[in-house]
Amino acid sequence: MAHFNLDNAVVAITGASGDLGRHLCAALAARGARLALMDLDQQSLTAQAETLGDASRAHGWVADVRDLEQVRHAMDAAAAHFGRLDLVIANAGVATLEPLAQQSEASFERTIDINLNGVFRTFKAGLPHLRETKGHLLAIASMASFFNSPLQGAYTASKAGVLALCNSVRLEVKQQGVTVGSIHPTFFKTPLADQLTEHPAGRRLYNDNRGLFKLTTVEDVVAATIKAIGRRSQKAVVPKRNLPIAAAPELMRKLTDRLMFGDQKIKAALDHFETSAPEQGDSSS
C-alpha cells in the first residue's frame, strides 16, 4: 500500500477543538492538508478554522459523535465542500475516574457512547467517501487498549473496544483499498489527563507518573500520529518504550488473521451482505 501524502489531502477530524485536536490540526495544516473540523460548538470551530487558512483550507461543522445522522451530515457536507475526503480521524473522547460501585449508569454509557460508539459512527459516516479515494481511517485510542486500570472500567473498556473495532474493520475494507490505524498514547499533558492525574485517587494510582505512566508530551503524540498516517500504520504506541505491552496481543492477532480469515473467506462473507438491505437491525426477538 502506498504511503499517505498529506499535501492537499482532505482530512475530517472529530474532537477538532479539544487540546489534542487543535495541536493535530495545526500539524496537519502545516503539512498542506485541508481540514474539515468537527466538534460541538460552531463558534469555536469557526475561530479555529480562521487560524488555519481560508475556507478552501479549513472549515468547521458541528458534529456530535453520539448522533450518527449528524456525523453523516457533516461528513457529506465536508466532502461536498472540499470535493472529497482522504483521511477520517476519530479523535473525540472523554475520560472518567470512578469505581463501579459509585459510577452511574448514565456516566458509564456516556463514556462508551462517545469513546467507542463515536468511533463506529465516525468510521461509518466517513467510509463511503474513503472508498472513492482509497483513504485511511484513524482512531485516537490509548494505552488503555492494552492494559486495564482500576476506577476506569468504562474508559478502558471503550479503548479496548476501539482497538478491536479497528482490527475488525481493517479486514473488511482492505480489499476496497481503505486502510485503518489506531494511535495509543500514554498520559500526556492536557486538561483531560489532568482530571485523572491530579485527582487524589489518581495520584494514589499513578504515583508520580513513573514508568508506564510517565507523562509524554502532546507534541510527541502529534509527531507519532503524523508519522503513522504517512505510513498508513496499523498501530502506533506513544512513547515507543511501551511497545512491548502492545506487542504480545498484536502478534496473536496477526496470527489469527492469517490462519482464520483469509481474503477469499472475508470476501465470500461480505458478498452475502451485498444482496441484503442496508443497515439491517438485530433479527433476534
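Can you find a residue in the stretch 115-124 that is in contact (Cβ under 8 Å) with a residue 24 or more places away in the chain and more than 24 Å from residue 154 (Cβ to Cβ)?
Pass one, the stretch 115-124, residues in contact (Cβ under 8 Å) with a residue 24 or more places away in the chain: 115-124.
With the extra rule that they be more than 24 Å from residue 154 (Cβ to Cβ), the set shrinks to none.
Within the stretch 115-124 (the criterion being in contact (Cβ under 8 Å) with a residue 24 or more places away in the chain and more than 24 Å from residue 154 (Cβ to Cβ)), the answer is no, since none of the residues qualifies.
Being touching a helix residue (DSSP H, G or I) at 6+ places or on another chain (Cβ under 9 Å) and among the aliphatic types (A, V, I, L, M) is true for just one of 29, 80, 106. Which residue is that?
Values: 80 fails: touching a helix residue (DSSP H, G or I) at 6+ places or on another chain (Cβ under 9 Å); 106 fails: touching a helix residue (DSSP H, G or I) at 6+ places or on another chain (Cβ under 9 Å).
The conditions single out 29.
Scan (1) touching a helix residue (DSSP H, G or I) at 6+ places or on another chain (Cβ under 7 Å); (2) surrounded by 23 or more Cβ atoms within 10 Å (Cβ to Cβ); (3) within 29 Å of residue 2 (Cβ to Cβ) for the single condition residue 155 breaks and write down its number.
Evaluating residue 155 over (1) touching a helix residue (DSSP H, G or I) at 6+ places or on another chain (Cβ under 7 Å); (2) surrounded by 23 or more Cβ atoms within 10 Å (Cβ to Cβ); (3) within 29 Å of residue 2 (Cβ to Cβ) leaves (3) as the failure.
Determine whether the stretch 106-122 contains at least one residue that is in contact with a Phe, Trp or Tyr (Cβ under 8 Å, 6 or more places away or on another chain), over 26 Å from residue 6 (Cα atoms) and of a type in the set (Phe, Trp, Tyr).
Initially, the stretch 106-122 is screened for residues in contact with a Phe, Trp or Tyr (Cβ under 8 Å, 6 or more places away or on another chain), giving 111, 115.
Restricting the remaining residues to those that are over 26 Å from residue 6 (Cα atoms) gives 111.
Still in the running and of a type in the set (Phe, Trp, Tyr): none.
Within the stretch 106-122 (the criterion being in contact with a Phe, Trp or Tyr (Cβ under 8 Å, 6 or more places away or on another chain), over 26 Å from residue 6 (Cα atoms) and of a type in the set (Phe, Trp, Tyr)), the answer is no, since none of the residues qualifies.
Restricting the search to the stretch 203-225, which residues are at pLDDT below 65 and assigned to a loop (DSSP other than H, G, I, E, B)?
Quick first cut of the stretch 203-225, residues at pLDDT below 65 only: 207-213.
Residues satisfying the conditions are 207, 208, 209, 210.
In the list 247, 228, which residue meets the criterion of being modelled with pLDDT of 75 or more and either outside any helix (DSSP H, G or I) or more than 28 Å from residue 9 (Cβ to Cβ) (or both)? Working first, answer last.
Numbers: 228 fails: either outside any helix (DSSP H, G or I) or more than 28 Å from residue 9 (Cβ to Cβ) (or both).
From the options 247, 228, the qualifying one is 247.
Keeping to the stretch 1-36, report how many residues are within 17 Å of residue 81 (Cβ to Cβ) and of a type in the set (Lys, Arg). Please lay out each step first, then the result.
Step one: filter the stretch 1-36 for residues within 17 Å of residue 81 (Cβ to Cβ), giving 8-14, 16, 25, 28-29, 33-36.
Add one more test, that the residue is of a type in the set (Lys, Arg), and what stays is 34.
Total satisfying the criteria: 1.
Of all residues in the stretch 71-94, how many are over 21 Å from the mean Cα position of the chain (by Cα) and surrounded by fewer than 18 Cβ atoms within 10 Å (Cβ to Cβ)?
Keep residues of the stretch 71-94 that are over 21 Å from the mean Cα position of the chain (by Cα), which gives 80-83.
Of the ones still in play, those that are also surrounded by fewer than 18 Cβ atoms within 10 Å (Cβ to Cβ) are 80-81, 83.
Of the residues in that region, 3 qualify.
How many residues, within the stretch 6-22, are surrounded by fewer than 18 Cβ atoms within 10 Å (Cβ to Cβ) and in contact (Cβ under 8 Å) with a residue 60 or more places away in the chain?
Matching residues across the stretch 6-22 total 1.
Please count how many residues of the stretch 141-167 are farther than 21 Å from residue 243 by Cβ, polar (S, T, N, Q) and either without any contact (Cβ under 8 Å) to a residue 40 or more places away in the chain or part of a helix (DSSP H, G or I) (or both).
1
Restricting to the stretch 168-190, what's the tally of residues that are hydrophobic (A, V, I, L, M, F, W, C) and either part of a loop (DSSP other than H, G, I, E, B) or modelled with pLDDT under 95 (or both)?
Here is the first cut: in the stretch 168-190, the ones hydrophobic (A, V, I, L, M, F, W, C) are 169, 171, 173, 178, 180, 183, 187-188.
Within this subset, residues satisfying the condition of being either part of a loop (DSSP other than H, G, I, E, B) or modelled with pLDDT under 95 (or both) are 178, 187-188.
Matching residues across the stretch 168-190 total 3.
Can you name every residue in the stretch 27-39 that is surrounded by 15 or more Cβ atoms within 10 Å (Cβ to Cβ) and among the aliphatic types (A, V, I, L, M)?
Within the stretch 27-39, 27, 28, 29, 33, 35, 36, 37, 38 qualify.
Going through the stretch 135-150 one residue at a time, which ones are surrounded by fewer than 20 Cβ atoms within 10 Å (Cβ to Cβ) and within 12 Å of residue 95 (Cβ to Cβ)?
Of the residues in the stretch 135-150, the ones surrounded by fewer than 20 Cβ atoms within 10 Å (Cβ to Cβ) are 147-150.
Within the stretch 135-150, just 149 meets the criteria.
Would you check if residue 52 is surrounded by 13 or more Cβ atoms within 10 Å (Cβ to Cβ) and either more than 20 Å from residue 129 (Cβ to Cβ) or touching a His at 6+ places or on another chain (Cβ under 8 Å) (or both)? If you could, list the steps in order and put the result at the bottom.
Numbers: surrounded by 13 or more Cβ atoms within 10 Å (Cβ to Cβ): yes; either more than 20 Å from residue 129 (Cβ to Cβ) or touching a His at 6+ places or on another chain (Cβ under 8 Å) (or both): yes.
Here the answer is yes, as residue 52 does meet what is asked.
Considering only residues that are under 20 Å from residue 217 (Cα atoms) and of a type in the set (A, V, I, L, M), which ones fall in the stretch 1-19? Give the derivation first.
Let us first name the residues in the stretch 1-19 that are under 20 Å from residue 217 (Cα atoms), namely 15-19.
The one that is under 20 Å from residue 217 (Cα atoms) and of a type in the set (A, V, I, L, M): 16.
When you go through 26, 92, 80 one by one, which is the residue that is among the aliphatic types (A, V, I, L, M) and within 21 Å of residue 165 (Cα to Cα)? Walk me through how you get there before you give the answer.
On the way: 26 fails: within 21 Å of residue 165 (Cα to Cα); 80 fails: within 21 Å of residue 165 (Cα to Cα).
Residue meeting the stated conditions: 92.
Report yes if residue 97 is farther than 22 Å from residue 224 by Cβ, of a type in the set (A, V, I, L, M), surrounded by 14 or more Cβ atoms within 10 Å (Cβ to Cβ) and more than 18 Å from the chain's Cα centre (by Cα), otherwise no. Even if it seems obvious, please write down each step before you answer.
Values: farther than 22 Å from residue 224 by Cβ: yes; of a type in the set (A, V, I, L, M): yes; surrounded by 14 or more Cβ atoms within 10 Å (Cβ to Cβ): yes; more than 18 Å from the chain's Cα centre (by Cα): yes.
Answer is yes for this residue.
The values are calculated or read from the model by the stated rules, or taken from the named source; none is laboratory data. Because the structure is a prediction, the values reported are computed rather than measured. All Cβ positions, even for glycine, are placed from backbone atoms using ideal geometry, and neighbour counts span all protein chains on display.
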